[in-house]
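Every number here is computed from the coordinates shown, using simple stated rules; none is lab data. Bear in mind that the values here come from a model prediction, so they are computed numbers and not experimental data.
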């Protein structure tokens, strides 16, 4: 499948039609927004705006989430329209985060990841205690709290265990590498998350093993595409595994709620 066809399928299934656990999907014209049903921020997954109407649409979304008392992220892809959407959001007070590479891979029977033998040290996590181990690892790697992530993973595992797959590599009782995957119902896509490894355990193939484990489970469940929002560190590794970069996305976070 060529790049344009992949982008079209990704947009339709992963940005327009998709539902996320813990959120209410709403369509407002050509804007697809997701309102948090918990205490998390909401987000806009897709928009297609005419140049002359873009500013009005931004004001409308700001007013809507303001009334809800909820901040939100507007995720902008570099192929979105209008071309200056990111700059327009900045002019309305949105803060723009670091770019992430949109990486997509189409799985096929002959793909090496599907034939890879998985090491015994890759464990499927299906308990809250295992999630606590993953969060401890994430906090050690990134040096910041990840409590809200842990709460979300526990909630999603409890509410929909068939569509959240978590994995960890252990040294004794300590998780040293971990990752997870969401299988998105009604789509052909599985999204990969995490992939954090403690410094002393890098360059040992753990990251590759976690990719292979997720690819095999996704394939066995009938999902044919893997997608990752990749950091600059991860992109070259993913490209070597067969992922294609379709573009870059920018997380644009709304200004603080006015009380």
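Brief remarks follow.
- Relative contact order, whole percent, for the range 1-68 stands at 20, derived from Cα pairs under 8 Å and 6 or more residues apart.
- Seen against the Cα atoms of the chain and their longest principal axis, helix 128-142 is set at about 70 degrees.
- Helix 147-159 and the longest principal axis of the Cα set of the chain meet at an angle near 80°.
- If you wrap the Cα atoms of the range 42-179 in a convex hull and average its projected area over all directions, you get 11.9 nm².
- Placing one equal scatterer on every Cα of the range 108-223 and applying the Debye formula, the log10 ratio I(q)/I(0) at q = 0.16, 0.19, 0.24 Å⁻¹ is -0.73, -1.01, -1.45.
- Projected area averaged over orientations for the range 1-76, convex hull of C-alpha atoms, nm²: 5.5
- Cα gyration tensor, the range 159-222 - rounded (a/c under 1.5), prolate or oblate: prolate
- Between the Cα long axis of helix 206-220 and the first principal axis of the chain there is an angle of about 80°, rounded to the nearest 10.
- Shape analysis of the chain based on the Cα gyration tensor places the equivalent ellipsoid semi-axes at 32, 22, 17 Å, largest first.
- Relative contact order, percent, the chain [alpha-carbon distance under 8 Å, six or more residues apart]: 27
- For the range 108-223, averaging the sequence separation of C-alpha pairs within contact (under 8 Å, six or more residues apart) and dividing by the residue count gives a relative contact order of 28 percent.
- For the range 35-92 versus the range 190-254, the inter-centroid distance based on Cα atoms is 27 Å.
- Rg to Rh, two decimals, where the range 217-259 supplies the alpha carbon set and Rh follows Kirkwood: 1.19
- Dividing the summed helix terms, -39500 (n - 2.57) for each DSSP H run of n ≥ 4, by the number of residues in the chain produces a 222 nm estimate of -9500 deg cm²/dmol to the nearest 500.
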